[in-house]
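Reviewing the structure listed below.
The values are calculated or read from the model by the stated rules, or taken from the named source; none is laboratory data. Bear in mind the structure is a predicted one, so any value in this text is a computation, not a measurement. FYI the Cβ positions are ideal-geometry reconstructions off the backbone, even for glycines, and counts take in every protein chain you see. The area values use the complete protein model at the heavy-atom level, side chains included, leaving out ligands, DNA and RNA. Shrake-Rupley method; radii C 1.70, N 1.55, O 1.52, S 1.80 Å.
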Amino acid sequence: MAKAPSLAARLAAVAAQPNTSPYQMTAPANQDSQQVAEPQFAPAPVAIAEPMAAATVFAPPNFAMPVPQKAKARDGRVMVAGYFSPELSRSLRILAAERDVTVQHLVGEGLDFVLRHYGKHPMGER
């Protein structure tokens, strides 16, 4: 099995070939009909731009990401969450819509009932 040419040799071979398009694929010159060589891409031609007028000044773009702000309604609060069945979630959303309150209000009301049941003072947070 023949050894593959080095990267330097491949680059020199590509540089020596005339290029008509930066995306033109070229095959190595010493390719056997039985072997399939990897395609090589011709380098893109380098265009030299004309100098800009001295009076033209461009400001650099501002790529700074905005800092997310915490909602003021959540200041001093901690999330209490759980995973429940889709049926319970749907029932809570229906009840909340019927009573024109939020699901968070209903969960707070339910937690107050649990606290009272165990002899604790309800927080009344809804």
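Which condition breaks for Pro60 when tested against (1) assigned to a helix (DSSP H, G or I); (2) modelled with pLDDT under 80; (3) open to solvent by 100 Å² or more (accessible area, probe 1.4 Å)?
All conditions pass for Pro60, except number (1).
Of everything in region 100-126 that's touching a helix residue (DSSP H, G or I) at 6+ places or on another chain (Cβ under 8 Å) and assigned to a helix (DSSP H, G or I), which residue is least open to solvent (accessible area, probe 1.4 Å)?
So in region 100-126, the residues touching a helix residue (DSSP H, G or I) at 6+ places or on another chain (Cβ under 8 Å) come out as 102-103, 105-107, 121-126.
From what's left, assigned to a helix (DSSP H, G or I): 103, 105-107.
Details: Val103: 56, His105: 46, Leu106: 18, Val107: 67 Å².
Among those that are touching a helix residue (DSSP H, G or I) at 6+ places or on another chain (Cβ under 8 Å) and assigned to a helix (DSSP H, G or I), it is Leu106.
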